[in-house]
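The values are calculated or read from the model by the stated rules, or taken from the named source; none is laboratory data. As the structure is a computational prediction, the values presented were derived from the model and not from experiment. As a convention, Cβ positions derive from the backbone with ideal geometry for all residues, glycine included, and neighbour counts pool all protein chains shown. Keep in mind that these areas ignore ligands, DNA and RNA; they rest on the heavy atoms of the full protein, side chains included. Shrake-Rupley method; radii C 1.70, N 1.55, O 1.52, S 1.80 Å.
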Amino acid sequence: MKLKHVIRRLLKTPLFTAITLLTLAIGIGANSAIFAVINGVLLKPLPYPHPEQLVDVNHTAPGVGMRDAGSAPFLNYTYKDESRVFQGVGLWRSDTDSVTGIGQPEEVPSLDVTDGILPILGAQPEYGRLFTEQDTLPSSADTVILMYGYWQSKFGGDPSAIGRRMIVNGKAREIIGVLPKSFQFLDRKPSIIFPLRFDRQKTFLGNFSYQGIGRLKPGVSLEQANADAARIVPIALHKFPAFPGYSEKMFEDAKLGPNLRLLKQSVLGDIGGVLWVLMGTVGMVLLIACANVANLMLVRAQGREHELAIRAALGAGWQQIARELLSESVALGLIGGVIGIGLAMAGLQLLLSLAPANLPRLEQISMDLPTIAFTLGISLLAGFLFGLLPAIKYAGRKLSLTLRAGGRSMSQSRERHHARNTLVVVQVALALVLLISSGLMIRTFVALRHVVPGFTNPGELQIVGIYTPESYAKEPVSVIRMQQNILDKIAAIPGVSSVGYTSVVPMTGLGWHDPVFAEGHDYVEGTIPPLRSYKFISPGLLQAMGNTLIAGREFTWADIFEKRPIAMVSDNFARELWGSPQAALGKRIRENLKGTWREVVGVVSDERDDGVNQKAPTVAFWLPMMDHFEGDESFIQRGFSLVIRSSRTGSRNFVEEIGRAVWAVNPNLPLANVRTMSEVYSKSLARTSFALVMLAIAGAMALLLGLAGIYGVISYSVSQRTREIGIRMALGARNQQVTGMFVRHGSALAGIGVAIGLAIAFLLMRLMSSLLFDVKPVDPLTYAGVALGLAAAAALASYIPALRATAVDPVDALRAE
C-alpha cells in the first residue's frame, strides 16, 4: 500500500492519530534519551588509541580490608623493571594548585603524572612537548603543561606562551607544552599538569596515594596481566625498604595483590547498574504504550470490519489486508519515532541536569547516529508489535460472515473482548512493577535522609579550601600562625557563629588512611593493625561542624604551638579498642611502631565520611602540627578546608567577605572548592536521587498509560453494550447496579494485572538490590501499598465511564443497532 494512501487514511481520523502518535512519541522518546546516555557512558570506547589495551593498575589488600588500594611508586618502578606484559606504565593523581600572577589568585584543578602517562594515552602536544624522564627528576627545573581550555582562557591561545613562566604555589614554572582540545584525561577536567617527581633511592614500601595506568602489549589478556602482576608484587616487597616504623612483613600480612581491570571499567565504576535498570524501566513504559496503542488499533480495526469484509468479498486476500493494517501501524511507529527524537533531545537536557555530578563521560552523551538508528529501530519494532494483533485478528478471520451479521441481532462475544482485556492486564502488570521500583527507591531515599551524618544543619556550613605553599610560609609555626589569623579574621565577619578547619570534609570519601597502634594491645611483630581514617583538625572545628564531644576535651591552640603529644579518636574507635569512650581517655596511640606515643584526650561522635549509605569510619584526629609524625621531623598540614557556620551561608557577599578576610592575612592565597555542606551532602545522595527521579517519572507514565487503558476498555464496553444497558434499566435495574457491573469488570482486569505484576516484581526487584538502602527488594509495605493504590486508581478509572451508562435513555437504547 502506498505511503500517501496510509497518510490520507490516518488524517481522516485526526483524534485517533494524534493520541496514538503522542503515546508512541513519549514511549519511544524516553527510550531514545536513556539509550543516548547508555551509549555515551557505557558503550562508546574511551577516546584513546586501542582503548582495549588500557588497564587500571590497581591493587587490593584484603588483610587490611582494602579492596581498591590504588598504586605506589615502589610498585611502578618494579613494573617498569620486571613486567613482561606492559608497553608502558605510570602513575597519576588529582590535585588542586594555586596560580598567581595571572589575574586574581585562583585555585585550579590539576594533575600530577609520571612521564609515561600521557604517551600511554596517546596524547600529542598541540604546541611544545610532553614530559620526559628528565622532568621527573627531583633536581630538574620546574615545568608545567597546559590543557587547551586553560591556555585559551589565560593566554588567549597565544603559541608564544610556550617557554613563559607562571607562578604555581609560589614557584615559577616553565610552560613546556599545550595539549590539544580533543584530549581528555579520563573523567577529570584539569587545567594544568605537573610531572610527578620521585627519588628512587628514597622510595619506600607503601605510599599508596596514586592511581596507575598501563598499556598492555598486543594480544595480552587481562588475566595474563593480573598473573604477571601477581608474580611482580612479591619482588617489589623485597626490592624496597619499609618506612621507618613499618616492616616488610606488614605488607605481606596485608596480602597485597594485583587488581588490574580495564581502564574503562575503572572510569565507569558501578554506574552501569543504575543505567541498565533505568533502561529496563523505560523499556517497560514503551511496552505499556504499545499495548495502549494496540487497543486503539483493535477498536479502529473493528470499526472497519464491514469495510474489510467487503474487500475480502471482492477478492482481497488475507495477506493484502494484513499488509494494509501493518503498514498503518508501522507508519504510525515511524512518525511517532521522529517526534520521539525531538522529545528525546529535550528530555536529554533534563536527564543531564538531573544526572549525578559523578556520572562519568557526560561529554560523550549526544543524539548521535547510533542513537538515532536505535530510535528508528525501536519505532519500527513498536509499529510492528502493536499492529500485529489487529492484523492477526481481523485479516485471518472469515470476514464474509460479517456481511451476513444483523445489526440488532449481533451481540458482543467474550472472544471479541478477550484481546483488549489481555492488553489491559499486561499494562497494569507492567505498571505495577514500575510503581514498586519507584516505591522502593522512595523508601531508600527516606531511609538515607534519616541517617544521622554526625554533623548538624549542613545548610549553615560554608566550606572553603585553602593551601599554604612553602614559599609563603616555610616554617611550620609560621603556617600555624597564618592559619590561626585566618580563622580569627573570619570569626569577626558578621553572622559567623563558629569556624574551624579540617584536612578532610565529611561525606566526600577522601582522606588519609593508615594503621594506628594502641598501647596495651598486643601486635605480633611485624603485623599491621586495621587502617583508620586520619584527620588533622583545628580548635573550634567540632563546634563549627556540630560534632558532639562525648568524653574528654578538644584541641587548643596551646596544644598545637607546644606540640603536645595528644590525639582524639571517634566514638566507634574508642569502643572497638577500649570498650567505652571514657575508658579511651588517657590511653596512648601512635601511627607506627617507632612513632611518638600520643595521649587520647577526647572522644568525638561518629561521622559519616563516604556517603550516608556507608558505615562511619573509625577516625584518629591529629594536631595539624607535630614533631616526628610519619617519619617527618616536623610535620605540618598545609592544605585544609575552612568550615564556617553562619546564617549567611551560600550568599555571594558572604563568600566575598571570606575572601577579603583570607587576603588580609595573605593576598596570594586563593579560595578553592567553595561550596556549602548541603551541596556536599546532596552530592553524596546524587546517585540515589537520580535513580529515584527517573524511576518516579517512568512509574508515573506507566500509571497514566495503564489507567488510560482501563478507562478505554470500560468506555468502549459501555458504548458496545448500550442496548443491553437499556434492557436492564427498562427491567428496573438501578444506577448502582449498572455502574457496579462495569466497575467490577475494570477491577477484575486490574486485579489480574496486579497479581501477575506482583509475581514479576518478586522476581525482578532483586536486580535493584545494589541501589537500595535499609530496604529489602521484597518489601511487604511497598508491595501492599502500591498494589492497593493501583487497584483503587483502576476502580476510579472504571467508575468514570461507567457513570455514562446510567445516563442511557432505555427507549433510545432499545432502538440502537
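Across every direction, the projection of the convex hull enclosing the Cα atoms of region 1-143 has a mean area of 19.9 nm².
Placing a label point 7 Å from the Cα of residue 265 along the Cα-to-Cβ direction, the residues of region 217-244 whose backbone N falls under 13 Å of that point are 221-227.
Shown are 597, 151, whose ranking by accessible area with a 1.4 Å probe and every protein chain present, most to least, is 597, 151.
Counting 0.36 nm for each residue step from residue 804 to residue 594 and taking away their Cα separation leaves a gain of 66.8 nm. Translational diffusion of region 413-489, estimated by Stokes-Einstein from the Kirkwood radius over alpha carbon pairs at 20 °C in a medium of 1.002 mPa s, is 111 µm² per second. Rg of the Cα atoms in the chain, relative to 2.2 N^0.38 Å, amounts to 1.22. Taking every DSSP helix (H) stretch of at least 4 residues in the chain, weighting each as -39,500 (n - 2.57) and dividing the sum by the residue count yields a mean residue ellipticity at 222 nm of -16000 deg cm²/dmol.
With the charge dipole of region 639-771 set up from +1 on Lys and Arg Cβ and -1 on Asp and Glu Cβ about the Cα centre, the Cα lying farthest toward the positive end among the listed residues 711, 692, 654 is that of 711. Would you please classify the overall shape of region 570-610 from the alpha carbon gyration tensor, given that a ≥ b ≥ c denote the square roots of the eigenvalues, rounded means a/c under 1.5, and beyond that prolate means a/b larger than b/c while oblate covers the rest? Oblate is the answer for region 570-610, as a/c is 1.5 or above yet b/c matches or exceeds a/b. Within region 447-533, the proportion of C-alpha pairs whose separation exceeds 23 Å stands at 52%. Of all aspartates and glutamates in the structure, those lying under 20 Å Cα to Cα from residue 474, and not within fewer than 8 positions of it along the same chain, are 97, 107, 142, 562, 627, 630, 632, 633. For the chain, the longest principal axis of the C-alpha atoms and the axis of helix 780-805 are separated by about 30°. Which stretch or stretches of region 684-719 have amide N atoms under 13 Å from the point lying 7 Å from residue 442's Cα along the Cα→Cβ direction? So the set is 692-693, 695-701, 703. With a cut-off of 20 Å on the backbone N, the residues of region 91-133 near the modelled label site 7 Å out from residue 158 along Cα-Cβ are 99-106, 126-129. If only the Cβ of Lys and Arg carry +1 and only the Cβ of Asp and Glu carry -1, the dipole of the chain around its Cα centre is close to 4080 debye.
Sorting 477, 274, 452 by accessible area puts them as 452, 477, 274; the probe is 1.4 Å, largest comes first, and only protein heavy atoms count. Treating the Cα atoms of region 111-267 as identical point scatterers in vacuum, please give the log10 of the normalised Debye intensity I(q)/I(0) at q = 0.11, 0.20 Å⁻¹, two decimals. Reported log10 I(q)/I(0), two decimals: -0.57, -1.29. Ranked by the mean number of other Cβ atoms within 10 Å per residue, highest first, peptides 641-647, 735-741 order as 641-647, 735-741. Give the shape of region 534-670 as rounded, prolate or oblate, defined through the alpha-carbon gyration tensor: a ≥ b ≥ c are the square roots of its eigenvalues, a/c under 1.5 means rounded, and otherwise the shape is prolate if a/b is larger than b/c and oblate if not. In terms of gyration-tensor shape, oblate.
At full extension, residue 148 and residue 470 could sit 113.1 nm farther apart than now, given 0.36 nm per residue minus the alpha carbon distance. Please report, as a whole percent, how much of the solvent-accessible surface of the chain comes from carbon and sulfur atoms (probe radius 1.4 Å). C and S fraction of accessible area: 58 percent.
Averaging 1/r across all pairs of distinct Cα atoms in region 624-728 and inverting the result yields a Kirkwood radius of 20.8 Å. Taking the Cα atoms only, what angle lies between the long axis of helix 414-449 and the longest principal axis of the chain, rounded to 10 degrees? Helix 414-449 sits at roughly 20 degrees to that axis. In this simple spin-label model, placing a label point 7 Å from the Cα along the Cα-to-Cβ direction at both residue 760 and residue 392 gives a separation of 1.7 nm.
Between residue 767 and residue 67, full extension at 0.36 nm per residue minus the direct alpha carbon distance yields a gain of 249.7 nm. Relative to the longest principal axis of the Cα atoms of the chain, helix 476-491 runs at roughly 50 degrees.
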